[in-house]
Amino acid sequence: MPSPVGHAIAGVSIHLLTARDRRDLVSLRHAAVAVAAAVAPDLDLLLRFVDGRNHHQGASHSITCALLAGGAVALAARAAGWPRALGLGIAAGAGWGSHLLLDYFGRDTHPPIGIPLLWPFSGGYFKSPWALFLDIGRTLDWHTVRHDALAVTWETLLMLPILLAAWWWRWRRREG
Ligand SMILES: [Zn+2]
C-alpha cells in the first residue's frame, strides 16, 4: 500500500484533472480538498488508539465511502456558502477514489489483505494480482525505515509521470 506521499501526489493530479477552469486551478481550497481526500482514508489507522483494535482498510476503503465523502464535502461547502460547492464535492470524491485505486495496486502484507471496495454490499476484499507499489512498514527499526524510504522513492517515481501528464493535459486544454 502506498504511503501518504504517493497518495498526496495522486491528490494533486486529481486537483489538476477536476479543475474546471483557471479559477479552480489556482484555488488553494480546490487543491486542498483533493489532496486531503486522497490521503484521508488511511486516517482509519488512528482508530487503533481508540479501542486498540486494527481498523485499517475497513469501510473507509470502499466506493460507498468515496461517494459519501464527495457528497458530504459538496453539502458542507454549500452550507458554508463557498462557491462551486459541487466542484469541490467532485474533487473530494475523485481524490478519495484515487486512494482506493492506488491501494488496489499496492503490495499488502498486513491482514486483511486487499480493500473492501464494495462495502457494505459485499464483504469481499479486492486486490490486483500485480502489485505496482511496495508495502509500507509500520515499525521504527532500521530495516523498516530503509525499506520505507525505498518504497516512497519508488512510488514517487511511478506517480510523477502521472502528475506531469495531468499537468500537460491541463495546460494544453487551457491553450486550446
Ligand atoms: Zn489506504
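Every number here is computed from the coordinates shown, using simple stated rules; none is lab data. Everything numeric here is computed off the predicted structure, so don't read it as measured data. Cβ placement follows ideal geometry from the backbone for every residue including glycine, while neighbour counts extend to all protein chains displayed.
How would region 81-169 be classified by its alpha-carbon gyration tensor: rounded, prolate or oblate, with rounded meaning a/c under 1.5 and the a/b versus b/c comparison settling the rest? In terms of gyration-tensor shape, oblate. When the label point is put 7 Å from the Cα of Arg138 along its Cα-to-beta-carbon vector, which residues of region 87-111 have a backbone N closer than 12 Å? Residues passing the 12 Å test: 109-111.
Farthest towards the positive end of the charge dipole of the chain, among the residues Ala69, His7, Ile90, is the Cα of Ile90, using unit charges on the Cβ of Lys, Arg, Asp and Glu.
Assign one of three labels to region 1-87, namely rounded, prolate or oblate, based on the Cα gyration tensor with a ≥ b ≥ c the square roots of its eigenvalues; rounded applies when a/c is under 1.5, prolate when it is not and a/b is larger than b/c, and oblate otherwise. Prolate.
When a/c reaches 1.5 or more, the comparison of a/b and b/c decides; with that in mind, is the chain rounded, prolate or oblate per its Cα gyration tensor? Could you put the intermediate results ahead of the total?
Values: a/c = 1.99, a/b = 1.35, b/c = 1.47.
It comes out oblate by the Cα gyration axes.
In this structure, Ile162 and Arg48 have a Cβ-Cβ separation that, at R0 = 25 Å, corresponds to a calculated FRET efficiency of about 0.20. Scanning the chain for long hydrophobic helices, with DSSP H runs required to stretch 18 angstrom or more by C-alpha along their axis and to average at least 0.5 on the Kyte-Doolittle scale, returns 4-18, 63-79, 85-104. Across Ile90, Ile162, Ile136, mean-square fluctuation computed from a Gaussian network of the chain (C-alpha pairs under 10 Å connected) peaks at Ile162. Within region 69-176, the chymotrypsin sites (Phe, Trp or Tyr not before Pro) that combine a DSSP coil assignment with at most 14 other C-beta atoms in a 10 angstrom radius are Phe121, Trp130.
The distance from the alpha carbon centre of region 27-44 to that of region 71-109 is 7 Å, rounded to a whole number.
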